[in-house]
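Structure first, then comments.
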Amino acid sequence: MASLTDIFRSLSRPIGTRSLSELVVFSALCHLLAFLATSLTAWFFPRDFIPFPAGVEIVTEQQLQQRLSQHRTRPKEEVTLESAKPKEDKEKEEKEEKKEIKESPKKTALKKIASKKASPKKAIRKTTVKTNKKSPKSADKSTDSSDPIEDILASLEEETSSDDGQSSEPSFDASLEEALSEESPDSSEPQFLSSEQILTASELAAFRKHIFACWSPPIGAPSLENLVVDLDLTLDENAYVIEVRVIDRSRMSRDPFFRSAAESALRTLSDSACSPLKLPLGKYALWERTILRFDPRRLFGL
Amino acid sequence: MPYLKSPFFLLRLSLLAFCAALLLLPLASHAQLRIDIHQGTFRPIRLSIPDIEREGFSLGQANSVRKIVESDLGTSGLINIIDRDSLLYSKLSLDMVPDFASFRIAGADAILSLYLHKGKGALRATLQIWDVRLQRPLAREDLDARSVRTLAHKISDSIYHRLTGERGYFNSRILYVSESLRGKRLWKRLAIMDYDGANHRFLTNQRRTIVLNPRFSSDGKTAIYTALTKKSSSIRLIDLSRGKRETVLPLGAGLVYAARFSPNGKSIIYAQSLSGNSEIFTYSLSSGKRRRLTINRAIDTSPSFSPDGGYISFVSDRSGKPQIYTMTRRGGNVQRVSFSAGSFSTPVWSPRGDKIAFTRQLYGRFAVGVMDIDGSNMRILSEGFRVEGPSWSPNGRVLVFFKKDPTPKGKRIGRSRLLTVDVTGRFLRGLNTPHNAYDPNWSYAN
């Protein structure tokens, strides 16, 4: 039996000079290493982990503060606010828009956030929160009369510095990340998916319930454990099936039971009652390519 | 350690690392969403049969073919025939691509295009099956037969096979014991018919002989049955292809019964009672040799071969009550497979090899059911005053058995009829026989 030292030593020798037992043990060692690496990887990463989604940038709190301060020092015209636009400034606005296009994506993203935060209703609410005793009318006046950007930034500062974190509004970090991911697609820094980027349990349940009505499973067929059909779907943005492929297609020609099961699954997707599929349209990127597994085993208690 | 500094070592180590990285690459790639569907709603496949094209067939013959095909497929439970009146276009020639949209509106999943014609002394049919949803042809086949009924059954078999993946069982026959009153005496005769009750005829007509346990050979060309007279019992072999020619098998003294063919048809297995103790034997039809498989004080009976001929299921009361056991074809490795309450009898191995059908008697009631070959997943398919004697359809999907009602007051015998049920227990239907029917056995027609 070759020892571990012998195995390592054999690495420096040509293959032809190794004994059979060395080769066998070496091969077993390689398989063991590969298995351990696979197990560790599977254990470490969450199930729905996508390692490198494009266009997402991590921004630390310090970087955020710096960007905010840079933003504050800019001339006021740089940020536009729909509610605070004087009617006579349309020409000026057009010029600014042209300027904005030339600006860097990050700056545009910041503007986008600012414009989001500064929508009239939200601005009013923020002011009301800040000065609890103010009447709605005075709040309206304050938003109309004062500089909206200053108000928004002040409220943003307050939000970012506050520790309670119980606000029902989306956090600034999240908004910033969202905007940056939209505006700077070239960013290559890795980022984990947020909970909004996976299908929720209720969305999955709704999808399944929809499909259940259309799938006629192969009843009474022998060896149901061998009749699990995987379909590879490509869907359009409205959840209509553009392309569908039976993954184990070669088996269709040699196993008539599997062929019938696969055809039954394919008919499910072409059923008008199940087309388009019931998927959350806002999460298209997530289900654009989907594998549907039609599994009759649990249906018959196997 | 000097080998660590060797350039070969470093080179190979880096090669190993590269291979490991390649191995891990798929894990790091973009994960594709996968959704499992594990519930469904069973719905039969809806088949549309437009007008049949014919050449050399009369309208009556074409209509007979349609009627038989519709009956075969409709009673299978897996395929429903769509009413012809709901079709916008009732004509569809063989080489024409159907207007799928109109068939879809009619609710069809599949279309059968059929052309009947005559050639070289046989009736012929060319069929084409289309999938409406997938909008493509599924199969095209040429069939021939000597009679309209056989041709129609073959068409049904072909459609059934293509749509379900399972071999059809419509071109098949059932052998059973017919019981009627002749004066004051019970008259038990061997009878044979198509699986749907057509072409019924009697094979025996002895008045003083009781016939029991008729069984087909695997090719359906011969059959065996037990004949009981006042003085003796015997196992008789009938050559069905040459018309009722009988041979009495020389199996020695004692009561012989419950005989079945081995899957290759070269031997039979049966039970023989010697001095009150029933044991299981095999008998070679070619060499005439007998072989005893069980040696036990208990009653061992009702043997049945597995489809590969490697194992035998049988009933024994060696545990105190009749239960189902299995053993190898030479009688070794005996294992008990049924452990439920009640008495078990008539185990029959499925042609698929995955299940054993049985009769169970519990608290005075009978039931017919199936279990896996290790005794698990036991499922009762039909229960009643007396339901008994299951036999598998040749494709292993359906069971035929008999159901006897209690004898009404003032009558000598109660009604007994044949029923079929599929392995899911969903589709139960009765078969028409002229008299009371018992102990059926099912085989493909040859």
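The values are calculated or read from the model by the stated rules, or taken from the named source; none is laboratory data. Because the structure is a prediction, the values reported are computed rather than measured. When we count neighbours, we look across all protein chains shown, and the Cβ atoms used for this are built from the backbone with ideal geometry, even at glycine.
Here are some notes:
- Scanning the range B:377-410 for residues that are buried (at least 20 other Cβ atoms within 10 Å of the Cβ), of a type outside the set (A, V, I, L, M, F, W, C), part of a strand (DSSP E or B) and touching a residue at least 24 places away in the same chain (Cβ under 8 Å) yields a total of 5.
- Qualifying residue in the range B:429-440 (condition: in contact with a Pro (Cβ under 6 Å, 6 or more places away or on another chain) and in a strand (DSSP E or B)): no
- Unique match (being of a type in the set (Ser, Thr, Tyr), assigned by TED's automatic domain parsing to the domain that holds B:His153 and either closer than 30 Å to A:Thr290 by Cβ or in contact with a Lys or Arg (Cβ under 8 Å, 6 or more places away or on another chain) (or both)) among B:Ser90, B:Ser76: B:Ser90
- Condition broken by A:Ile242, with the remaining ones in (1) free of Cβ contacts under 8 Å to residues at least 12 places away in the same chain; (2) within 9 Å of chain B (Cβ to nearest Cβ); (3) hydrophobic (A, V, I, L, M, F, W, C); (4) surrounded by fewer than 16 Cβ atoms within 10 Å (Cβ to Cβ) satisfied: (2)
- Boolean, B:Arg162 is more than 14 Å from chain A (Cβ to nearest Cβ) and either under 28 Å from B:Lys266 (Cβ atoms) or free of Cβ contacts under 8 Å to residues at least 40 places away in the same chain (or both): no
- Residues of the range B:139-153 classified as under 19 Å from the mean Cα position of the chain (by Cα) and either farther than 26 Å from B:Thr222 by Cβ or buried (at least 21 other Cβ atoms within 10 Å of the Cβ) (or both), total: 1
- Residue that is surrounded by the most Cβ atoms within 10 Å (Cβ to Cβ) [pool: residues in the range B:329-376 that are among the polar types (S, T, N, Q), out of contact with any Phe, Trp or Tyr (no Cβ under 9 Å at 6 or more places or on another chain) and away from chain A (no Cβ under 14 Å)]: B:Ser343
- Test: B:Ile129 is within 14 Å of another protein chain (Cβ to nearest Cβ) and within 21 Å of A:Met252 (Cβ to Cβ): yes
- Being surrounded by fewer than 16 Cβ atoms within 10 Å (Cβ to Cβ) and touching a residue at least 24 places away in the same chain (Cβ under 8 Å) is true of B:Asp308.
- Residues located in the range B:356-376, provided they are under 20 Å from B:Ser304 (Cα atoms), touching a strand residue (DSSP E or B) at 6+ places or on another chain (Cβ under 7 Å) and of a type outside the set (Ser, Thr, Tyr): B:Ile356, B:Ala357, B:Phe358, B:Arg360, B:Gln361, B:Ala367, B:Val368, B:Gly369, B:Val370, B:Met371, B:Asp372, B:Ile373
- Qualifying residues in the range A:253-302 (those that are more than 7 Å from chain B (Cβ to nearest Cβ), more than 17 Å from A:Cys214 (Cα to Cα) and within 30 Å of the chain's Cα centre (by Cα)) - the one surrounded by the fewest Cβ atoms within 10 Å (Cβ to Cβ): A:Gly282
- Condition check for B:Ile356: among the β-branched types (Val, Ile, Thr) and modelled with pLDDT of 95 or more: yes
- Identity of the residue in the range B:198-216, out of contact with any Asp or Glu (no Cβ under 7 Å at 6 or more places or on another chain) and assigned to a strand (DSSP E or B), that ends up surrounded by the fewest Cβ atoms within 10 Å (Cβ to Cβ): B:Arg201
- Where strands (runs of 3 or more DSSP E) fall entirely within the range B:6-84, those with at least 3 residues that are within 23 Å of A:Thr268 (Cα to Cα) and either within 10 Å of chain A (Cβ to nearest Cβ) or modelled with pLDDT of 80 or more (or both) are at B:33-37, B:45-48, B:79-81.
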